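Please read the structure below before turning to the comments.
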Amino acid sequence: MVYALCFVLFVIGLYCTLTKKNIVKIVIGLTIMEYAVNLFLVLLGYRKDGVAPIVEEGAGPLEFLARSVDPLPQALVVTSIVIGLGVTTLAIALCVRLYEKYGTFDISEIRRLKG
Amino acid sequence: MNTLLIPLLVAIPLGGAFFIPLVSRKVRVLADIIGNLATLSVLVIAVLLFQVRTVYSIGGWNASVGITWVLDGFSNLMLVIICLISFVATLFSSQYMERYTAKYKFYSLFLLMVAGMNGVVMTGDMFNLFVFLEIASVASYALVAFGGNHEELEAAFKYLVLASIGSTLVLFGIAFIYGATGYLNMASISQAIRTGPRTPILTLAVVFFTVGFGIKAALVPFHPWLPDAHPSAPAPISAMLSGVLIKALGIYALTRVLFNVIGITPIYGAVLITIGALSMVVGVFLAVGQWDFKRLLAYHSISQMGYVVLGIGLGGYILASGGKQSAAMLAILGGIFHLANHSVFKSLLFLVSGSIEYSTGTRQLKEMGGLLEKMPLTRATCTIASLSIAGVPPFNGFWSKLIIIMAAFQGGYPWLAALTILVSFVTLLSFIKVLRYAFLGHLPESLKAVRESPALMSIALVVLAIFCTCMGLLLIPGAREMILDPAVGALANGVGYAQAVLALR
Amino acid sequence: MNGMTVIVKTVTRWLKVFIFLYGIYIIITGHLAPGGGFAGGVIIACSYMLLTLAYGKEFTLKRLSLRAGHHLDSSGALLFLVVALFGLGSGGIFFANVLQNRYPGAKFTLLSSGTILISNIAIGLKVAASLFLIFIILSVLRIVLVEDGSQKMIQEEEEE
């Protein structure tokens, strides 16, 4: 059920990316999509009443395994967030440059390329 | 000793990418030297490692926990192609990129892209694949926008949006796979899928992978970014994007995941055939009407990628539906060989277009003409590449297309063979147009002062032209067993990949 | 660009050091507690962003110039690569944790993790410098009002 909500969030992002005219809104749509996937990944590793996956002094590995949530998706999400940061930054920099050149954020007015 | 070299394939370009901005702000020529040395050394390493089949665990971690890099026939072939094209492109760009400011940034991004692509073809871990995919993609977004003018920025934005959707879908697919099997290592995933039940989640993941990698490979329903992005980039980058990027990030990753990780079924094979045939036809018919040289080449990339996907998909379909083994092998061989050939002649064509643009300042075919006497070398290489892409006998394009056609006949799909031949004729037509308008005819007044491109650029062109002429030799018995057949074997092995990798560990 | 009011400036002057130190703490205890190079780097970059917001860009750039930022950025990445290659050179394995294998430290102490600590520092350096550069470079744009009342963005100066 919760997974379906991630999917809904993803579709919202996709809708925003594909239908909006303002390029900044398109970038926001991309970010929403990214985070829908990140949320999905974190939820995959979730376990009810789990603790944060940090080994503490005195806890044995088996006890740790029995209690903690899956640490791997969290590592993946951190990586994916960093990548998302890079992509978003580049997208925003492109938006800034596009505005400089065309004087507008409207995607329907930015169309020199045809054919 | 050899295993020591494997990490260097990623480490050298990465190190170069971060070292160049440190030193070459003052001494400009250092950027050229480091860039060329880095790509050259990577090429040498890739060739040295060509016969090595191994599994390399990073950090010494056990493969079920850590990241592994796998070298098999297909990876090795891709590595050599990537490194060869990138070396030629850096050779070409040391003079071509003089017109742009901030050349060191160009080399920095270029090497990042090379590191990403090398990583993509080596990795045996799904998430690692995604990370390298994104490194290469982000660098390529920035490189498309490198010129900084109206068209470049627009194309880069379009590319960025579509390709990011693709990456997100890939990540979603990886998440599904992880949820369904609990592994990220490709071999372990493959084993878990084979032994466990095939859940609908896997099908969903395959859909996501196909769309995601399909966007990266610009296969037809997902192609709109390519004809804008590839012509807008500087010529060496167009050569890299068209020559290797769409193959490494798109075709390689897609086939690796479909064939070796999830396992090909007749349905997936049929989807690949459909997409391939569609790309082939749509791409070529859009290309015929173009007057911008680079744009025409970009549309032909879509069409030629269609050949590759058609060949590999046909092989997968025949394999999965239990048809003739020999036909399947032949189809995959055709696909992979065409992939290798396409990367050579398409990068040569893009470099030629860059060379013409460098000398004449235009990309419009209508504004050119009569360059025959002014640029004899460019003309000769352009003719070779055009005949290659159109599939005229002595050159490499002919052989791979012939193999695909033969495989289609043997597998019992004569209509696919007919379609391939038809597309080949249209390709020939559009390249006759290029040769006619660019090199024959009379010279316009404005181009009287045109001279042949500088030495390093010419060397790059000649190297690729030699490859174009000689790559047909790869089909003679000794070379074929050594170079092409391992790659075919790696794909045709299917989910047997898991055993092969686990045995090497 | 003379920055904000005196209240903001005073609070910033007091806070910036603590934010910076907290970032360093997060980086060097990354292998023991939540955090690590990325989170710590972001916090360090935030201290510079706060400085920029309160005092203006010129003030910050005097402390940390764009060129220094670029150099830190590259050297962070290179340091990370050197750690990886060090493993390759001495043990034959890329990213091998050589220090941990040779000098195993006591568990749950600062020096318990071998090269992970160095990697964390490298990542922190890289992330802090990159984020700072991104912030500074994107902040060259300002929205100003032109005569006809519409908003327009101008670029203040050429970005590096």
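Tabulated results
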item	result
Which listed residue is more than 19 Å from residue C:135 (Cα to Cα) and either buried (at least 16 other Cβ atoms within 10 Å of the Cβ) or touching a Lys or Arg at 6+ places or on another chain (Cβ under 9 Å) (or both), from C:60, C:29	C:29
Looking only at segment B:1-29, and only at residues there that are among the charged types (D, E, K, R) and within 14 Å of chain C (Cβ to nearest Cβ), the one that is most open to solvent (accessible area, probe 1.4 Å)	B:26
Subset of segment B:348-376 that is touching a Leu at 6+ places or on another chain (Cβ under 8 Å) and at pLDDT 85 or above - its residue that is nearest to residue B:446 (Cα to Cα)	B:356
Pairs where the first residue, in segment B:197-212, is in contact (Cβ under 8 Å) with a residue 24 or more places away in the chain and the second is exposed (fewer than 14 other Cβ atoms within 10 Å of the Cβ) and assigned to a helix (DSSP H, G or I), C-beta under 9 Å, 6+ apart	B:211/B:221
Which numbered condition residue B:170 misses (of (1) closer than 17 Å to residue B:17 by Cα; (2) modelled with pLDDT of 90 or more)	(1)
Of residues in segment B:234-268 being outside any helix (DSSP H, G or I) and open to solvent by 10 Å² or more (accessible area, probe 1.4 Å), the one farthest from residue B:164 (Cα to Cα)	B:265
Search result, residues across segment A:74-103 that are more than 7 Å from every other protein chain (Cβ to nearest Cβ), over 23 Å from residue C:129 (Cα atoms) and at pLDDT 85 or above	A:74
Single condition residue C:131 does not satisfy, out of (1) open to solvent by less than 30 Å² (accessible area, probe 1.4 Å); (2) at pLDDT below 85; (3) not basic (Lys, Arg)	(2)
Candidate set: segment B:105-143, residues that are of a type in the set (Ser, Thr, Tyr) and more than 11 Å from every other protein chain (Cβ to nearest Cβ); chosen: the one nearest to residue B:247 (Cα to Cα)	B:123
Search result, residues across segment B:185-233 that are in contact with a Pro (Cβ under 9 Å, 6 or more places away or on another chain) and assigned to a loop (DSSP other than H, G, I, E, B)	B:218
Residue B:63, sole failed condition from (1) in contact with a Pro (Cβ under 8 Å, 6 or more places away or on another chain); (2) in a loop (DSSP other than H, G, I, E, B)	(1)
Matching residues, segment A:1-56, being open to solvent by 60 Å² or more (accessible area, probe 1.4 Å), more than 19 Å from residue A:83 (Cβ to Cβ) and among the aliphatic types (A, V, I, L, M)	A:1, A:2, A:5, A:8, A:11, A:12, A:18, A:52, A:55
Test set (1) touching a strand residue (DSSP E or B) at 6+ places or on another chain (Cβ under 8 Å); (2) modelled with pLDDT under 85 - residue B:6 fails condition number	(2)
Unique residue being open to solvent by 60 Å² or more (accessible area, probe 1.4 Å), out of contact with any Pro (no Cβ under 9 Å at 6 or more places or on another chain) and assigned to a loop (DSSP other than H, G, I, E, B) when the list is B:436, B:451	B:451
Selection status of residue C:95, in contact (Cβ under 8 Å) with a residue 60 or more places away in the chain, surrounded by 19 or more Cβ atoms within 10 Å (Cβ to Cβ) and facing another protein chain (nearest Cβ under 10 Å)	no
Entirely in segment B:370-411, the helices (runs of 4 or more DSSP H) that have 3 or more residues that are crowded, with 24+ Cβ neighbours inside 10 Å	B:376-390, B:396-411
Matching option when the condition is more than 9 Å from chain C (Cβ to nearest Cβ), of a type outside the set (A, V, I, L, M) and in contact with a Ser or Thr (Cβ under 8 Å, 6 or more places away or on another chain), among B:72, B:32	B:32
When residues of segment A:7-62 are limited to those that are under 30 Å from residue A:96 (Cβ atoms) and part of a loop (DSSP other than H, G, I, E, B), the one nearest to the other protein chains (Cβ to nearest Cβ)	A:20
Positions within segment B:172-184 being open to solvent by less than 10 Å² (accessible area, probe 1.4 Å), more than 7 Å from chain A (Cβ to nearest Cβ) and over 30 Å from residue B:237 (Cβ atoms), in sequence order	B:177
Checklist (1) under 19 Å from residue B:77 (Cα atoms); (2) open to solvent by 10 Å² or more (accessible area, probe 1.4 Å); (3) not polar (S, T, N, Q) applied to residue B:133, failing item	(2)
Every residue from segment B:64-109 that is closer than 30 Å to residue B:183 by Cα and surrounded by fewer than 20 Cβ atoms within 10 Å (Cβ to Cβ)	B:64, B:65, B:66, B:80
Count of segment B:412-421 residues which are in contact (Cβ under 8 Å) with a residue 40 or more places away in the chain, open to solvent by 30 Å² or more (accessible area, probe 1.4 Å) and not small (Gly, Ala, Ser)	2
Among (1) within 13 Å of chain B (Cβ to nearest Cβ); (2) in contact with a strand residue (DSSP E or B) (Cβ under 6 Å, 6 or more places away or on another chain) - the single one residue A:68 does not satisfy	(1)
Scan of segment B:155-171 for residues that are facing chain A (nearest Cβ under 7 Å) and either in contact with a His (Cβ under 6 Å, 6 or more places away or on another chain) or surrounded by fewer than 24 Cβ atoms within 10 Å (Cβ to Cβ) (or both), ordered by number	B:161, B:165
Set B:451, B:363: member being more than 28 Å from residue B:289 (Cβ to Cβ) and touching a Lys or Arg at 6+ places or on another chain (Cβ under 8 Å)	B:451
Pairs, first within 15 Å of residue B:92 (Cα to Cα) in segment B:28-42, second not in a helix (DSSP H, G or I), C-beta under 8 Å, six or more apart	B:31/B:24; B:34/B:24
Residue identified as in contact with a His (Cβ under 9 Å, 6 or more places away or on another chain) and either open to solvent by less than 60 Å² (accessible area, probe 1.4 Å) or assigned to a helix (DSSP H, G or I) (or both) among B:467, B:425, B:431	B:431
Matching helices (runs of 4 or more DSSP H) fully within segment B:68-147 where at least 2 residues are without any contact (Cβ under 8 Å) to a residue 40 or more places away in the chain	B:126-144
Hits in segment B:333-369 (condition: among the aromatic types (Phe, Trp, Tyr) and open to solvent by 10 Å² or more (accessible area, probe 1.4 Å))	B:358
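The values are calculated or read from the model by the stated rules, or taken from the named source; none is laboratory data. No experiment lies behind these values; they were computed from the predicted model shown. For neighbour counting, all protein chains shown are included, and Cβ atoms are generated from backbone atoms with ideal geometry for every residue, glycine included. Protein only, heavy atoms only, side chains kept; ligands, DNA and RNA dropped before computing areas. Shrake-Rupley method; radii C 1.70, N 1.55, O 1.52, S 1.80 Å.
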